[in-house]
1. I'd like the full set of residues that are out of contact with any Leu (no Cβ under 9 Å at 6 or more places or on another chain) and among the basic types (Lys, Arg), limited to the range 39-69.
2. Identify all residues within the range 39-69 that are among the basic types (Lys, Arg) and either under 13 Å from Val16 (Cβ atoms) or at pLDDT 95 or above (or both); write none if there are none.
3. When the range 1-49 is examined, which residues are found to be under 15 Å from Leu62 (Cα atoms), of a type in the set (Lys, Arg) and assigned to a helix (DSSP H, G or I)?
4. Look at the range 15-52 and say how many of its residues are more than 21 Å from Ile2 (Cα to Cα), touching a helix residue (DSSP H, G or I) at 6+ places or on another chain (Cβ under 8 Å) and exposed (fewer than 12 other Cβ atoms within 10 Å of the Cβ).
5. Have a look at Asp55, Asp61 and point out the one that is in contact with a helix residue (DSSP H, G or I) (Cβ under 6 Å, 6 or more places away or on another chain), surrounded by 14 or more Cβ atoms within 10 Å (Cβ to Cβ) and touching a residue at least 40 places away in the same chain (Cβ under 8 Å).
6. Only one of (1) buried (at least 16 other Cβ atoms within 10 Å of the Cβ); (2) free of Cβ contacts under 8 Å to residues at least 12 places away in the same chain fails for Ile6. Which number is that?
Amino acid sequence: MIANPILLQKKYARVVEIFAKNAELSIESALDFFYKSKVYMLVKDGVSDMHCMSDDYLVEDLMKEYENK
């Protein structure tokens with residue numbers, strides 16, 4: 001399933017904002033990490049309908065990836 005690009009951009013913004021808060025990063029640093037993350041690649045490519053997952057779920061995955069780097 002392919003997501004609407006505008007809706008994806010809004011989802012990315014929400015996820016990055018929550019991630020920045022949870023990881024205590026600036027929005028810029030969180031955005032930089034997000035766009036280099038596996039989570040972003042999976043969502044962008046529509047793998048396993050990741051774009052349908054909740055924002056909190058995606059942030060949880062981002063936090064795991066962040067902690068492992």
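1. Once the filter is applied, which keeps residues that are out of contact with any Leu (no Cβ under 9 Å at 6 or more places or on another chain) and among the basic types (Lys, Arg), the range 39-69 yields Lys64, Lys69.
2. Lys64
3. Lys11, Arg14, Lys21, Lys38, Lys44
4. Residues flagged as more than 21 Å from Ile2 (Cα to Cα), touching a helix residue (DSSP H, G or I) at 6+ places or on another chain (Cβ under 8 Å) and exposed (fewer than 12 other Cβ atoms within 10 Å of the Cβ) within the range 15-52 amount to 1.
5. Just a single option satisfies the conditions, and that option is Asp55.
6. Just one mismatch for Ile6, condition (1).
The values are calculated or read from the model by the stated rules, or taken from the named source; none is laboratory data. The structure presented is a predicted model; accordingly, all values stated were derived computationally and were not measured. So basically every Cβ, Gly included, is an ideal-geometry build from the backbone, and we count neighbours across all protein chains shown.
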